[in-house]
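Data first, discussion second: the structure below is written as structure tokens.
The values are calculated or read from the model by the stated rules, or taken from the named source; none is laboratory data. Everything numeric here is computed off the predicted structure, so don't read it as measured data. Cβ: placed from backbone, ideal geometry, glycine included. Neighbour counts: every protein chain shown. With ligands, DNA and RNA removed, areas are computed over all heavy atoms of the protein, side chains included. Shrake-Rupley method; radii C 1.70, N 1.55, O 1.52, S 1.80 Å.
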Amino acid sequence: MKKKGKTLVALILIFFISLSTVSCKNGDYKDKKTIKIGVLCYDERDTFLRELFSCLKEDFSKYESDDLKISLNILGSNNSQRLQNEQAEEMMDDGVDVLCVNLVDRTAPSKIIDKARSKDIPIVFFNRELVDEDLMQWSKLYYVGANAKMSGNLQGKLASDAIKNNPSIDKNLDGKIQYVVMQGQPGHQDSIIRTENSVSKILDSGIKLEKIGTSIANWNRSSAETKMKEYIDQYGSDIELVLCNNDDMALGVIDAYNRSDITESSRPLVFGVDGNEVALSAVINGDLSGTVYNDKESQAEGISKLAMKLAKNENLTDLNLIKGKYLIYGYYPITKDNVEKYLKR
Ligand code: GAL
Ligand code: CA
């Protein structure tokens, strides 16, 4: 009887142990899964976004382990919202856990939102900010970006400091600074707000400005070169300042001067935004007077953290989202004096 009892206990124990290993194995199997993240961007040729994506890849890979694989699929939408809608639909049908979207047209997110909602797939929008009402359409929509007003103010401050420290910038000594603006894509928050605030910051500092012209160069280096060449052909060395909504356009402006016969001492101050790799070198060699750092490292970290929490259905409290929806990062001014610090990032 005693022996029988012991055998029974042993059998029951074995039963429980084997049950628990099965359930443990099941648990392992469940955890050892693949999280699928889809990323769409308006145009894969965009310099700033390419640099941001290299941070993003690194950030997501940090979440991988023996038990977790992350499949990250990044696609460009060739500047077509229609194509992007199709890509988003395909990714969602393919079962992504989270979709990260850099809209082509930031005023047209509805098709993507409707589909996401019907499939219960959260979306992290980034860099091209949708209007508040659109973000409020559904609870699982988020936005990661940067404070556009701050980038404009900082660019304006860099320009006004440089002008004050260097009176010879006013080449024709008329007490006014003749300037040109190179704008990014029309309708983009960073084009509108950067231009507005950069100019008003310079005016607020007491400097008088005279606008020669504003051109749209769509964030693009060669478009900016073409536009700047037209100004140079018309105004020669009369331009004293060029404010550019991003670095690629600032580099295009510098290209145009390099292909002109205007000597270095007769060229304008040129400012950009982003602090991309090539632009940082241009700050070092003095071609670019200054730029404003668009903090891709923090933005990528924010996107990946938020996306991972959403994929794992984790609580978002410690992210301190603004209005429960937004992660907004700052900008930093860069001149020859502090550029080294940004090269090392
Ligand atoms: C801006 C950036 C530009 C361009 C644009 C794309 O924030 O400064 O260089 O990347 O986003 O939406
Ligand atoms: Ca002048």
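Here are the numbers for the structure shown:
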read-out: Cross-link table Lys62/Lys336; Lys111/Lys325; Lys211/Lys341; Lys176/Lys229; Lys69/Lys115; Lys36/Lys305, entries beyond 24 Å C-alpha to C-alpha; value: Lys62/Lys336; Lys211/Lys341; Lys69/Lys115
read-out: Which of Ser118, Ser215 is most accessible, then next, and so on - probe 1.4 Å; value: Ser118, Ser215
read-out: Calculated FRET efficiency for the pair Ser65/Lys119, C-beta based, R₀ 45 Å, to 0.05; value: 0.95
read-out: Theoretical FRET efficiency, 1/(1+(r/R0)^6), r = Cβ-Cβ of Asp161 and Asn78, R0 30 Å, to 0.05; value: 0.15
read-out: Residue of Ala217, Ala279, Ala108 that the Gaussian network model of the chain assigns the largest fluctuation, springs spanning Cα pairs under 10 Å; value: Ala108
read-out: Surface accessible to a 1.4 Å probe, per residue, for the residues of the chain, Å²; value: 50
read-out: Simple spin-label estimate for Asn172 and Asp233 in nanometres, 7 Å along Cα-Cβ; value: 2.0
read-out: Nearest-10 value in Å² for the accessible area of Val273, using the 1.4 Å probe; value: 0
read-out: Where Rh is the Kirkwood radius over Cα pairs, Rg/Rh for segment 198-308; value: 1.04
read-out: Cα centroid separation - segment 187-252 against segment 279-345, whole Å; value: 24
read-out: Solvent-accessible ranking of Ser281, Ser304, largest area first, probe 1.4 Å; value: Ser281, Ser304
read-out: Whole-percent carbon and sulfur share, accessible surface of the chain, 1.4 Å; value: 51
read-out: Contour excess over end-to-end distance, with Cα ends at Glu340 and Lys323 and 0.36 nm allotted per residue; value: 2.5 nm
read-out: Magnitude of the charge dipole, the chain, Cβ model with Lys/Arg +1 and Asp/Glu -1, debye to 20; value: 2020
read-out: Residue order for Ser222, Ser260 - accessible surface, 1.4 angstrom probe, largest first; value: Ser222, Ser260
read-out: Within a Gaussian network of the chain (alpha carbon springs, distance under 10 Å), most fluctuating of Cys100, Cys55, Cys41; value: Cys55
read-out: Antiparallel bridges, percent of DSSP beta bridges restricted to the chain (to nearest 5); value: 10
read-out: Val98 - accessible surface, heavy atoms, 1.4 Å probe, Å² rounded to 10; value: 0
read-out: Cα-based equivalent ellipsoid of the chain: semi-axis lengths in Å, sorted from largest, via gyration tensor; value: 53, 20, 17
